[in-house]
Amino acid sequence: MSVQGDMAAAPSAWQALGRHPALWRVTLLAFASGLPLALSGGTLQAWLADVRIDIRTIGVFSLVGLPYTLKFLWAPLFDRYALLGMGRRRGGLLLTQIALIAALLAMSSLDPRSDVALLGLLALVLAFASASQDIVFDAYRTEMLPAPLRGLGAGLTNTGYRLAMLTSGALALVLAGSIGWAFTYRVMAALMGGAVLITLLSPEPPEPAAAPHRLVDALREPLRAFLARPAAWAFLILIVLYKFGDAFAATLSTAFLVQGVGFSVAEVGVVNKGVGIAAALAGAVAGGALMVRWGLLRALLVFGVFQALTNLLFAVLALVGKSHVMLVVAVVGEQLFGGMGSAAFVALLMALCDVRYTATQYALFSALAALARVFIGPPAGYLVADFGWPMFFTLTFVASLPALGLVLYLAAPIRAMDRPGKDAQAAA
């Protein structure tokens, strides 16, 4: 049964979930992709702080997150080589998941008070294996989901990833308080074992006829192939700008709520980590579901408009002052429509990838999108100091508008991405 025929007969998200098992596999693998992040970051910092490791040493541990920003450097290896005799994607997933389990078990055997240097080295190995799993998972999802399912797949990915971060973050901290840090990390390793089972039971995406046969081709051809497509530079600019206003506002949002308005840290935590996360999950799933019917172009425009408007909710909160009702409205709006915008944006990145070089191109696109988050922090602080919070959030709304103009400019090629092409395969 063809994907095109399925989608014609099953226009709703629920029907798509029932007819395409690939969506469930993507959700479970997204959970595996998100699980290790906190275990080399916030949860590990909590472990170190709990056993009274020096704060300067804990600060150095933040460097173990570097592989997540540099993963595009070794992504071509996963486009070139089929690993463990299982193909480019399943082999890569299995290898990285085994490495993650080994790193977690090794970390669980150490005492930070006497083995802090070795623990740091293993945390770096964990982050490297996790970033590598992200590379392969992004490629696997992109190659397994045809155009009509990309938006829903992106929303389900966001859901699985966030649930995993809650598991390895909040749940891990609760577990550590009752069973200790060593057993907590072993529980996380056991959960990664479940991911291995999913990988073994999943099919390998069809190998493209022109996949790179030399490493040098895997290094140079992805960029050359992308730049050869129409409006390539405009798409690169859109990748940078689509979430720019959203990221700009989020840079200082917590500082705004605590220092700018006067909410307590506990109040912010309850709303952000409770109501906010629920809204983000709902937004990701709703955004993906709507994209099944709307298509990529309409979703990028509608979700982009609403994610821009939510920045103005924080400007209103800055004007009215400490209002718990307005706090909930602003946070829910930001997370809900930000989640929808993220679903559309991930679907766009998937649509832009060439199946011959999916791992490399997606890693490059995601690194390019992250540039905004890296560099807007310092100017954001100066803008607040010079103009105040209401004007700052108004400016973040204005900063969201160029991306919407680019979406309209690229309407024809974006609309063409929704048409099933030769790279679409059945999500069996």
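The values are calculated or read from the model by the stated rules, or taken from the named source; none is laboratory data. Since this is a predicted model, take the numbers as computed values, not measurements. Here the Cβ positions follow ideal geometry from the backbone for every residue, glycine too, while neighbour counts run over all protein chains shown. Keep in mind that these areas ignore ligands, DNA and RNA; they rest on the heavy atoms of the full protein, side chains included. Shrake-Rupley method; radii C 1.70, N 1.55, O 1.52, S 1.80 Å.
Looking at region 294-302, can you tell me whether even one residue there is touching a Lys or Arg at 6+ places or on another chain (Cβ under 9 Å), outside any helix (DSSP H, G or I) and touching a residue at least 40 places away in the same chain (Cβ under 8 Å)?
Yes - at least one qualifying residue is present in region 294-302.
Going through L297, L301, L238 one at a time, which residue ends up being more than 22 Å from A30 (Cα to Cα) and either open to solvent by 40 Å² or more (accessible area, probe 1.4 Å) or touching a strand residue (DSSP E or B) at 6+ places or on another chain (Cβ under 7 Å) (or both)?
From the options L297, L301, L238, the qualifying one is L301.
For the list (1) open to solvent by less than 40 Å² (accessible area, probe 1.4 Å); (2) within 16 Å of the chain's Cα centre (by Cα), I need the number of the one condition that S253 fails.
Condition not satisfied by S253: (2).
Could you grab me the full set of residues in region 304-352 that are in a helix (DSSP H, G or I), open to solvent by 20 Å² or more (accessible area, probe 1.4 Å) and small (G, A, S)?
A318, S342 - these are the residues of region 304-352 that are in a helix (DSSP H, G or I), open to solvent by 20 Å² or more (accessible area, probe 1.4 Å) and small (G, A, S).
Of the numbered conditions (1) touching a helix residue (DSSP H, G or I) at 6+ places or on another chain (Cβ under 8 Å); (2) farther than 30 Å from M291 by Cβ, S178 fails exactly one; give the number of that condition.
(1)
Which ones in region 16-40 are at pLDDT below 90, hydrophobic (A, V, I, L, M, F, W, C) and open to solvent by 50 Å² or more (accessible area, probe 1.4 Å)? Give the derivation first.
Step one: list which residues in region 16-40 are at pLDDT below 90, which gives 16-24, 38.
Add one more test, that the residue is hydrophobic (A, V, I, L, M, F, W, C), and what stays is 16-17, 22-24, 38.
W24 - this is the single residue of region 16-40 that is at pLDDT below 90, hydrophobic (A, V, I, L, M, F, W, C) and open to solvent by 50 Å² or more (accessible area, probe 1.4 Å).
Matching residues to (1) surrounded by fewer than 20 Cβ atoms within 10 Å (Cβ to Cβ); (2) over 25 Å from S366 (Cα atoms); (3) small (G, A, S); (4) at pLDDT 95 or above:
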site	(1), (2), (3), (4)
T157	no, no, no, no
A164	no, no, yes, no
L173	yes, yes, no, no
L201	yes, yes, no, no
P205	no, no, no, no
A210	yes, no, yes, no
L215	yes, no, no, no
A218	no, no, yes, no
R224	yes, no, no, no
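Can you work out which of the residues in region 258-277 that are under 21 Å from S342 (Cβ atoms) and in contact (Cβ under 8 Å) with a residue 40 or more places away in the chain is least open to solvent (accessible area, probe 1.4 Å)?
G276
Using beta carbons and a limit of 9 Å, which pairs, at least six apart or on different chains, have the first residue in region 62-91 and farther than 23 Å from S40 by Cα and the second one of a type in the set (F, W, Y) and not in a helix (DSSP H, G or I)?
R88/Y81; G91/Y81
Could you please find all residues in region 175-195 being aliphatic (A, V, I, L, M), open to solvent by less than 60 Å² (accessible area, probe 1.4 Å) and in contact (Cβ under 8 Å) with a residue 24 or more places away in the chain?
A176, A182, M188, A189, M192, A195
Open to solvent by 20 Å² or more (accessible area, probe 1.4 Å) and touching a helix residue (DSSP H, G or I) at 6+ places or on another chain (Cβ under 6 Å): is that true of L124 in this structure?
Yes, satisfied.
How many residues does region 41-88 hold that are open to solvent by less than 60 Å² (accessible area, probe 1.4 Å), more than 11 Å from A131 (Cα to Cα) and in a loop (DSSP other than H, G, I, E, B)?
Residues that pass the stated criteria total 6.
Just need a number here: residues in region 257-286 that are over 23 Å from G169 (Cβ atoms) and part of a helix (DSSP H, G or I).
Residues in region 257-286 being over 23 Å from G169 (Cβ atoms) and part of a helix (DSSP H, G or I): 4 in total.
Mind checking which residues of region 353-364 are open to solvent by 10 Å² or more (accessible area, probe 1.4 Å) and within 15 Å of the chain's Cα centre (by Cα)?
Residues satisfying the conditions are Y362, L364.
Taking G287 and the conditions (1) farther than 18 Å from F397 by Cβ; (2) in contact (Cβ under 8 Å) with a residue 40 or more places away in the chain; (3) open to solvent by 30 Å² or more (accessible area, probe 1.4 Å), which numbered condition does it fall short on, given that it satisfies the others?
The one condition G287 does not meet is (3).
Go through L296, L290, L301 for me and flag whichever is within 21 Å of L410 (Cβ to Cβ) and modelled with pLDDT of 95 or more.
L301
If you take the residues of region 395-421 that are open to solvent by 50 Å² or more (accessible area, probe 1.4 Å) and assigned to a helix (DSSP H, G or I), which of them is farthest from L290 (Cα to Cα)? Spell out how you get there, then give the answer.
Initial filter on region 395-421 (open to solvent by 50 Å² or more (accessible area, probe 1.4 Å)): 395, 398, 401-402, 408-409, 412, 415, 418-420.
Checking which are assigned to a helix (DSSP H, G or I) leaves us with 395, 398, 401-402, 408-409, 412, 415.
Numbers: L395: 29, V398: 26, L401: 22, P402: 24, L408: 19, Y409: 22, A412: 20, R415: 16 Å.
Top of the filtered list is L395.
Output yes when any residue across region 96-107 is assigned to a helix (DSSP H, G or I), closer than 16 Å to G34 by Cα and either of a type in the set (S, T, Y) or more than 25 Å from the chain's Cα centre (by Cα) (or both), and no when none is.
yes
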